[in-house]
């Protein structure tokens, strides 16, 4: 166990990979990466200075040209999103989504803990370009260190004249307020985040009409951007959109931070080139996770956070590109790959995710509130060895009430099934409901024999382990 | 008992002033009360309601939605063991089993001396360092059974007092916006024109 948060076990390998472009993680190599001194010494706030030398509309245009895709999960172009604010309606707000809690995902926490000034600079550039007069930086409640680092960085940046009245002696003025969350996964959904910021229970709003860019915080136009998305802006402002689009592919420029966890030799958070890096590279590549632990075989992997349908070995050569992943039956989501080796009890693994989403349902939409809970209860009894054939049918019926019609899944050569492309239809406002069905649907579709065995044998199990205890290598 | 102290009321007013509408300060102020009292009391919620001009029921209504707010006495140290997929794959259930044995209590309860509360938790955003736990929301990575026992010994001996403040304290430092630099929050109804840098840029075109 390492007591201090840093250095991470994977850090050494991370730093050695100097030939990969680093857009957002370039300062992670320094022990004092989070300080204003280090930020200044490494080109910090130069993007802001450049932006302030341009007209706001020119800055917005540059971001649009960079095709910076939102990194929160939906992957919508940030510059286009900014353009949705209605003309002449003031004030406009910026809400930073730092409520990262998608299972398997962490990049925003690292960006806030290790490079808070980069995020602050991104907030300032966005506010200048889109005319946002106040910024609320919503940090997930359970991230104590991020609160401390971001609070200190904000204090230092205020004192240095980067935030507040007449920034760098221009007529640009904006406050950035650090706001604490208090523990609710659903608040990562942008309209729920706004509700929470208004002091309410974090329940999503209906879209339409509540698209935040039109009707957001306090009913005013509001841009909600993810931490990683905003952290890309200093690079784009400093180097221009052409330098950004030179990395990655045309449809997915730049880099992405991907957490690779589970049964791999070197789990870690890697900044990868968007669009071209494949899942095989990520899981087996020497510069990334270096393969499956203990010489075991890959059984399945979750390609884009707990909400994403699962992939198996047949999908390893798919690149990290949104359309390719959708076509193959899943999504890239929040940038999290969770790897399961052949010692994994698949129904028990799916149960951990179903439990998560059932637990995190806010209770607003009936299919999620009731359906998610029933999916959890039924799957729990199947995994415990007390389920029947009828339970498998009930799971599908409950799933159908949340996601009517074809449910996306991956192809499997072993089973002779082809892919159903992403996305699904849904009867709920947000993705929490469908996300409770996704893992059990994937598991039942790709590993039907494990569920059949459980309901046929019906041997009650008192202590269930998702896998055998971790190997000695860890 | 347990209304906010004068010092915390001053802090509360500073926090409230940052928001265009007072109710936005609800969650930060309930956190502040939990920092003061170790958990969220009814008196504290009444006091928060007074400060932001809502009813106590509205404060409870919002606060009860969020998992970090606890409405009954809690151990000085809240240990949350993650059980979501990445941690489960690396032995989280075995770790929880061990923790329950070491502490002599089941998950969801507090040790008889009132020092440690043990809980199941969901994803803690440290999935590559599984299995993980948090003590008062401070991470511990790749935790073995022996690590857990050492952690409990250290907590009991007070060895981690500087690093891990008592339950309820989130950050050991807080944001302070200096008055001479602050733009100040305006109620949205009081804003009718665009911000200066936009108006000037548009006028120049």
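Throughout, read-outs are computed from the coordinates displayed, never taken from laboratory work. Nothing here was measured: the structure is a model prediction, and the numbers come from that model. Every residue, glycine as well, gets a Cβ built from its backbone with ideal geometry; the counts of neighbours run over all protein chains shown.
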**Prompt:** Nearest 10 degrees, 0 to 90: what angle lies between the long axis of helix A:448-457 and the longest principal axis of chain A (Cα atoms)?
**Reply:** 50
**Prompt:** Considering the zone a paramagnetic label at residue B:150 would reach in this model (a point 7 Å from Cα along the Cα-to-Cβ line), which residues of segment A:262-297 have amide N under 14 Å from it?
**Reply:** none
**Asked** Of B:52, B:79, B:177, which has the largest mean-square fluctuation in a 10 Å C-alpha GNM of chain B?
**Response** B:177
**Asked** By the gyration tensor of its Cα atoms, with a ≥ b ≥ c the square roots of the eigenvalues, what is the shape of segment A:18-245: rounded for a/c under 1.5, prolate for a/b over b/c, or oblate?
**Response** rounded
**Request:** Only Cα pairs under 8 Å and at least 6 apart count here; give the relative contact order of segment A:247-344 as a rounded whole percent.
**Result:** 31
**Item:** Whole-Å distance, taken between Cα centres, linking segment B:34-88 and segment A:131-203
**Value:** 21
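Which value at 222 nm does chain A reach when only helices count, each DSSP H run of 4 or more adding -39,500 (n - 2.57), with the total divided by all residues and rounded to the nearest 500 deg cm²/dmol?
Working: 19 runs with 181 residues, N = 474.
Helix-only estimate at 222 nm: -11000 deg cm²/dmol.
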**segment B:77-157 - convex hull of alpha carbons, volume per residue in Å³** = 72
**Asked** If only Cα atoms are counted, what is the Rg of segment B:1-143, and what is its Dmax, in Å?
**Response** 17.4, 49
**Item:** Label-point separation in nm, residue A:468 to residue A:417, each point 7 Å along Cα→Cβ
**Value:** 2.8
**Complete:** Note to self: C-alpha centroids of segment A:83-111 and segment A:205-255 sit apart, in Å, by 8
**Complete:** Of every Cα-Cα pair in segment A:247-344, the percentage lying beyond 22 Å is 18
**Prompt:** Taking R0 as 22 Å, what's the FRET efficiency between residue B:157 and residue A:31 from their Cβ-Cβ distance, rounded to 0.05?
**Reply:** 0.20
**Request:** Evaluate Rg over Rh across segment B:61-205, taking Cα atoms for both radii and Kirkwood's formula for Rh.
**Result:** 1.21
**Item:** Helix B:26-37 vs. chain B, principal-axis angle (Cα, 0 to 90°, nearest 10)
**Value:** 50
**Fill in**
Within the protein assembly as shown, the percent of DSSP beta bridges that are antiparallel, given to the nearest 5, stands at 50
**Shape of segment A:187-317, Cα gyration tensor, a/c cut at 1.5** = oblate
**Spin-label model distance (nm) - residue B:172 vs residue A:170, 7 Å beyond Cα toward Cβ** = 3.7
**Prompt:** If you line up the long axis of helix B:145-157 against the longest principal axis of chain B, both from Cα atoms, how many degrees apart are they, to the nearest 10?
**Reply:** 70
**Request:** Please say if segment B:6-63 is rounded, prolate or oblate, where rounded means a/c under 1.5 for a ≥ b ≥ c the square roots of the C-alpha gyration tensor eigenvalues, and otherwise the choice is prolate for a/b larger than b/c and oblate otherwise?
**Result:** oblate
**Prompt:** Once the Cα atoms of segment A:345-466 are picked out, what are the Rg and Dmax in Å?
**Reply:** 13.9, 40
**Prompt:** Between segment A:335-386 and segment B:103-151, how many Å separate their Cα centres?
**Reply:** 22
**Request:** Using the Kirkwood radius over Cα pairs, work out the Stokes-Einstein diffusion coefficient for the protein assembly as shown at 37 °C and 0.692 mPa s, in µm²/s as a whole number.
**Result:** 129
**Prompt:** So for the pair residue A:294, residue B:6, with labels modelled 7 Å out along Cα→Cβ, what separation do we get in nm?
**Reply:** 6.3
**Message:** Taking every DSSP beta bridge with both residues inside chain B, roughly what % is antiparallel (nearest 5)?
**Reply:** 55
